[in-house]
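Novice: Dropping a structure here in C-alpha cells format, bear with me for questions.
The values are calculated or read from the model by the stated rules, or taken from the named source; none is laboratory data. Since this is a predicted model, take the numbers as computed values, not measurements. Virtual Cβ from ideal backbone geometry, glycine too; neighbours counted across all protein chains shown.
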Amino acid sequence: MLEIYAKISEELIAGNLSEVPNLCRQALEDGALAQEIMDESLFPAMDIVGQKMKTGEMFIPEVLRSAKSMQAGLEVLKEKLTSEDADLGRGTVVIGTVQGDLHDIGKNLVVMLLEGAGFKVVDLGVDVKPEQFVGAVTDHGAALVGLSALLTTTMPKMSETVQALTEAGLREKVKIFAGGAPVTQKFIDEIGADGYGADAASAVEKAKELAQAG
C-alpha cells in the first residue's frame, strides 16, 4: 500500500487533477481506509506543497492546482470517511476577510491549505462583521479563528472582532490568527491576537501550532 500512497503524494504535489482521485479510488478498492489515505498521502503531500511555497520552489498557480487535486481526492473519500466515522483532522477553523474588505485571493489560498492540513474550514467569505465571526464560532464550536485584511483602513475591524469574541465570552475558547499585506506581528500583539501569518503557508503553520497548543 505504501507504493500507492507515495504515488498519490507525488501526483498531488505535481497538481495532477485527474490522477489523484483515480489513485484514491484504486487505493480504496485495494482495501485502504479513507482515513489512512488522507494521513499517509494527501495531508503529508500538502505539507510539502506549503513548504515549497514558503521557500519559493512553488508559486500560487501551482499551489492552487495541488490544492484542487487534494480536494478532488477528498471528494472520492468523503462517503467512506462518513462510514468510517473518521477523525477529519485538527479541528474547526472559522475564517473570513474582515468587514469593509472585499479581497479574498490570499484568504482562499489559506482556506485550501488549511483543508489540505486536515482542518475543517468554515469560510465566511469577505466583508465579515465581528458579530458574524462570533455567531460562526458558536454555531460550529470552532477552536481557531482566521482574520484577513488587505486594506489598512479595515485593519481596525480585526481589533473589533477580537473584542467581540471577548465580550461574547469566547476569547478563552479560541485562538485567533491573522494576516494580510498591511498586517504585522506588532499589530497582532497590539490587538491581542495569538498568531501572525506573513503568507499563506506561514498562516497555516501558525494554525497548526495554535491547534496543538490547544
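Novice: From the list Glu115, Glu62, pick out the single residue that is in a helix (DSSP H, G or I), of a type outside the set (Val, Ile, Thr) and more than 24 Å from Phe177 (Cα to Cα).
Specialist: Going through Glu115, Glu62 in turn, just one is in a helix (DSSP H, G or I), of a type outside the set (Val, Ile, Thr) and more than 24 Å from Phe177 (Cα to Cα): Glu62.
Results for (1) more than 27 Å from Gly50 (Cα to Cα); (2) at pLDDT below 95, shown as yes or no for each residue.
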site: Phe133; (1), (2): no, no
site: Gly141; (1), (2): no, no
site: Val145; (1), (2): no, no
site: Ala164; (1), (2): yes, no
site: Glu167; (1), (2): yes, no
site: Leu170; (1), (2): yes, no
site: Thr184; (1), (2): no, no
site: Ala193; (1), (2): no, no
site: Ala198; (1), (2): no, yes
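Novice: Then there is this: Which residue out of Ala117, Ala149 is free of Cβ contacts under 8 Å to residues at least 60 places away in the same chain and at negative phi?
Specialist: Ala149
Novice: Suppose the filter is closer than 26 Å to Ala213 by Cβ and among the acidic types (Asp, Glu); does Asp123 pass it?
Specialist: Here the answer is yes, as Asp123 does meet what is asked.
Novice: Next up: Answer yes if at least one residue in region 93-104 is at pLDDT below 95 and either out of contact with any strand residue (DSSP E or B) (no Cβ under 9 Å at 6 or more places or on another chain) or not small (Gly, Ala, Ser) (or both), and no otherwise.
Specialist: yes
Novice: Same structure, new question: Of all residues in region 1-13, how many are without any contact (Cβ under 8 Å) to a residue 40 or more places away in the chain and in a helix (DSSP H, G or I)?
Specialist: Summing the residues that are without any contact (Cβ under 8 Å) to a residue 40 or more places away in the chain and in a helix (DSSP H, G or I) in region 1-13 gives 8.
Novice: Now, a different point. Search region 167-192 for residues that are assigned by TED's automatic domain parsing to the domain that holds Gln132 and pair each with any residue that is assigned to a helix (DSSP H, G or I) and among the small types (Gly, Ala, Ser) when their beta-carbon atoms are under 6 Å apart and the residues are at least 6 apart or on different chains.
Specialist: From residues that are assigned by TED's automatic domain parsing to the domain that holds Gln132, the pairs are Phe177/Ala207; Gly179/Ala203; Ile191/Ser159.
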